[in-house]
Amino acid sequence: MNEKYDASSIKILEGLEAVRVRPGMYIGSVDARGLHHLLWEILDNAIDEALNGYGKEITVTLNQDGSCTVSDNGRGMPCDIHESGKSALEVIFTVLHAGGKFQEGAYKTAGGLHGVGASVVNALSEWVEVDVFRDKKHYHIRFADGGTKTSKLEVVGNTNKTGSTVRFKPDAKIFSTTTFNIETITSHIQEEAFLLSGTKITVIDEINKKEYVYEYPDGLKSFIEYLDEDKDTLHDPVVFEKSLNGIDVKIAFQYCDSYQENTFSFVNLVRTKDGGTHEVGFKTGFTKAINDFARSEGILKEKDKNFEGVDVREGLTTIISLSIGEDKLQFEGQTKGKLGTPEAKNITEAVTSEKLSYFLQENKAVALKIIKKIKDATAARDAARKAKEEVRKGKKNDKRSEKVLSGKLANAQSKDSSKLELFLVEGDSAGGSAKKCRDSKYQAILPLRGKVLNTERASINEVEKNEELNTIIHAIGAGAGANFSIEDIKYDKVIIMTDADTDGAHIQVLLLTFFYRYMRELIETGHVYIATPPLYGIKKNGEMHYAYDERELEKLKNDLGKTEIKRYKGLGEMNADELWDTTMDPYKRTLVQVTLEDATACERRVSVLMGSKAELRREWIDENIDFTLEESYQVSN
Ligand code: TTJ
């Protein structure tokens, strides 16, 4: 340093030192995000100059040494010397501006605040070199190690061009990574180029020897075309622009043959990912213009309800880009991603409804296509709502339940739900036996006829339409899915009673999957059980003895000697009395209570079992069903 070591230079270094001590306060973080933030800070200055109407070309170069160069062909940063003895250029790079997105109170804005952030970049760089071309002269200045001037501002040559070039190398002592990512850079720059319309931004990747050029004279129209590239569209992009009270509003939209609503909003080229007043204004104005048009054309009659916003915007891609003066800027939310400026709502709403009304009147063919799409969306949402009501049905006081259950459910007489049991029985014949032998005061029987739907891979719609599951939902009486309420269950025990074979095991798994996905609380609170019918019956002296597994059979054979052994292949092979004695009589039966001791393990098992490979599933059941019984079911009673 060949300058005098005075008070002001101490202050400057203290200022930049503060940035190095707490970089997060200035650039958010010191990871890849923060690293790229350095580039955005420098780039913003070049873009501001272009926005002010000076220069139309910006180049970003990733150099082989890991540094990055940004240059523009604007007027060139001012290089005159202040009374303090410092050049304006040096001040830009060494005096910490009170602004920056990560500090309260100040935001950069199109047309304002040149040099914001340049000192922060200087503070966090190994070195910075600045070249300015202005007044026929080529100026140069250099800083190193966080902002110390290593060569003073000098004229190093003559030139005919104008512009500013800044080259910086991020400090590896600050950042956890110093490798720029070309995709991060090109996607950010492409977005800015769309919004700027007319400024040509070139990205040169010196490491991979590649060049990318972003230049969009048609601005938002090109942005929409880019976003909707892979979609079938209903019409060409529509673009409006208008300034009101110093707020400039640009909007572009296009309907696609899709169901997604895609809205991207920006304020002063910065994405407002959480929306805000401008998005609210747009939506209100858009829906209003559509409804006004539909009424004026007689598409919506007096008695008809207005189209709703969500239906109006189905398949709509929109870009909203506002330019707002610094005095009116207000951002909200944790990450300041939401516009708060109240005026922006009314202005955006007014511009949208005025311009869209005009467009619809002038382009009736397109307008009618759009209205048809909105009508379809309305109808589809109505249908979906009705389907949802189907799930809501099956609740306590649903009048439809009686109809759904009639002829299927053999009800119990008692109204004391704490003592009631619902048997879900595989097959009509076993169901018939169960109805005959049951304790009709407390036991209800619901035979399952068809195959139970695999709910692991079914849409909610299919679940709602499936007769067996629908009947079960009504029988239990507490709804299903999001509408399930455990207080409304009509039974204390829901008992799955299937044949003791592979098919029976499969039905168990399908039912448990259904309960797991749609009535999880029923399992969690211990209301789901599995009945265990015997595998063998041994008759001795006119009396039946039962064996529930091979070990018990061996024991019985030992105890009773040589006798007649009957193997039960299914519930249907037992008569009603036998079924009662062995499987349903609360004083003799063994029930297996299904528990969710480890919800994640169960979830994984359900996924494995209920995944797409039916063969694997069958093999798995054959090999593991005993193991499953031991591991995830717990014996009660
Ligand atoms: C300020 O008012 C006088 C004319 O120049 C204005 C200005 O500062 N323009 C300007 C700044 N153009 N380009 C920049 C700039 C470019 C880069 C790449 C980096 C920085 C920090 C500023």
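From the list LYS221, LYS152, LYS231, LYS161, the lone residue that is in contact (Cβ under 8 Å) with a residue 12 or more places away in the chain, loosely packed, with under 15 Cβ neighbours inside 10 Å and not in a strand (DSSP E or B) is LYS161. Residue check: is ILE472 within 30 Å of GLN413 (Cβ to Cβ), touching a Lys or Arg at 6+ places or on another chain (Cβ under 7 Å) and buried (at least 20 other Cβ atoms within 10 Å of the Cβ)? Against the criterion (within 30 Å of GLN413 (Cβ to Cβ), touching a Lys or Arg at 6+ places or on another chain (Cβ under 7 Å) and buried (at least 20 other Cβ atoms within 10 Å of the Cβ)), ILE472 does not qualify. Residue-level check: of (1) over 30 Å from VAL19 (Cα atoms); (2) surrounded by 14 or more Cβ atoms within 10 Å (Cβ to Cβ); (3) among the aliphatic types (A, V, I, L, M), ILE201 misses just (1). Taking first residues from segment 262-276 that are on the phi > 0 side of the Ramachandran plot and assigned by TED's automatic domain parsing to the domain that holds VAL249 and partners that are surrounded by fewer than 16 Cβ atoms within 10 Å (Cβ to Cβ) and of a type in the set (A, V, I, L, M, F, W, C), no Cβ contact under 6 Å between residues at least 6 apart in sequence or on separate chains turns up. I'd like the full set of residues that are buried (at least 19 other Cβ atoms within 10 Å of the Cβ) and within 26 Å of GLY337 (Cα to Cα), limited to segment 276-310. Of everything in segment 276-310, those that are buried (at least 19 other Cβ atoms within 10 Å of the Cβ) and within 26 Å of GLY337 (Cα to Cα) turn out to be GLY276, THR277, HIS278, GLU279, GLY281, PHE282, LYS283, GLY285, PHE286, THR287. Filtering segment 43-71 to residues that are within 8 Å of the ligand (Cβ to nearest atom) and either under 17 Å from TYR212 (Cβ atoms) or in contact with a Pro (Cβ under 9 Å, 6 or more places away or on another chain) (or both) leaves LEU43, ALA46, ILE58, VAL70, SER71. ILE207 - would you say it is within 16 Å of the ligand (Cβ to nearest atom) and surrounded by fewer than 21 Cβ atoms within 10 Å (Cβ to Cβ)? Answer is no for this residue.
Restricting attention to segment 558-568, does a residue exist that is polar (S, T, N, Q), more than 54 Å from the chain's Cα centre (by Cα) and modelled with pLDDT of 85 or more? Yes, segment 558-568 has at least one match.
Here's the yes/no breakdown for (1) modelled with pLDDT of 95 or more; (2) in contact with a helix residue (DSSP H, G or I) (Cβ under 9 Å, 6 or more places away or on another chain); (3) farther than 30 Å from LYS86 by Cβ:
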residue: PHE168; (1), (2), (3): yes, yes, no
residue: SER176; (1), (2), (3): no, yes, yes
residue: SER187; (1), (2), (3): no, no, yes
residue: GLY198; (1), (2), (3): no, yes, yes
residue: GLU215; (1), (2), (3): yes, yes, yes
residue: ASP232; (1), (2), (3): no, no, yes
residue: GLN254; (1), (2), (3): yes, yes, yes
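If I ask for residues that are more than 24 Å from ALA50 (Cβ to Cβ) and either within 16 Å of the ligand (Cβ to nearest atom) or crowded, with 18+ Cβ neighbours inside 10 Å (or both), which ones from segment 171-181 would you list? Result: ASP171, ILE174, PHE175.
Does GLU126 fit the bill of being modelled with pLDDT of 70 or more, outside any loop (DSSP other than H, G, I, E, B) and more than 14 Å from the ligand (Cβ to nearest atom)? Yes, satisfied. Scanning segment 549-573 for residues that are surrounded by 15 or more Cβ atoms within 10 Å (Cβ to Cβ) and closer than 16 Å to ALA430 by Cα returns TYR568, GLY570, LEU571, GLY572, GLU573. Here THR202 clears all of (1) at pLDDT 95 or above; (2) closer than 30 Å to ILE320 by Cβ; (3) away from the ligand (no atom under 16 Å from the Cβ) except the condition numbered (3).
The values are calculated or read from the model by the stated rules, or taken from the named source; none is laboratory data. Here the structure is a predicted model, which means the values were calculated and not measured. Every residue, glycine among them, receives a Cβ derived from its backbone with ideal geometry; neighbour counts consider all protein chains shown.
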